[in-house]
1. If I model a spin label as a point 7 Å beyond the Cα along the Cα-Cβ vector, how far apart are those points for Glu94 and Glu106 in nm?
2. At 0.36 nm per residue, and after removing the present C-alpha to C-alpha distance, how many nm does the segment from Thr120 to Ala37 gain when stretched out fully?
3. Let a ≥ b ≥ c be the square roots of the eigenvalues of the Cα gyration tensor of the stretch 64-128; is it rounded (a/c under 1.5), or, if not, prolate (a/b larger than b/c) or oblate?
Amino acid sequence: QSSDTGSGRDMATTPDAAAPIELEPGSALIADAGGSARVEHLDAGLATSWRTGRLVFDDQPLADVVAEMNRYSVQRLEIATPALAQRRVSGVFEATGGAAFAAALEAYGIARATRTSPTTLLLTDGKP
């Protein structure tokens, strides 16, 4: 829950917070399923890049990147191994370009993409 203080700052609370947490412009409250929360700096350009049809990733686990790509693309991506899911990825990609993203992973030797259904690509370790 959050409220505007009128000073350009917001106050946010979590169910187990003892007091409201003040958020500076450019910050975000990150809460996990366990109820703990932390304030992190938020890159507004990265956070809103989807509005332009592009997704920007900066040293993020492939699992997070694939989850975000799957939100926008008809072509679904799946990751075969936990090790591959933890691989770090950076780049700018078309939001609806699941197949193009998989091709980029292949081109850089990060993963190999295998079509498992008309709408699903399985990403596995290794070069094509």
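Values in this text are rule-based calculations from the coordinates and carry no lab data. Small disclaimer: the values here were computed from a predicted structure and weren't measured. Neighbour counts are summed over all protein chains in view; Cβ atoms, including those assigned to glycine, are modelled from backbone coordinates with ideal geometry.
1. About 1.6 nm separates the two model spin labels.
2. Details: separation 83, 0.36 × 83 = 29.88 nm, distance 3.45 nm.
The span from Thr120 to Ala37 would gain 26.4 nm if fully extended.
3. Details: a/c = 1.39, a/b = 1.16, b/c = 1.20.
Rounded.
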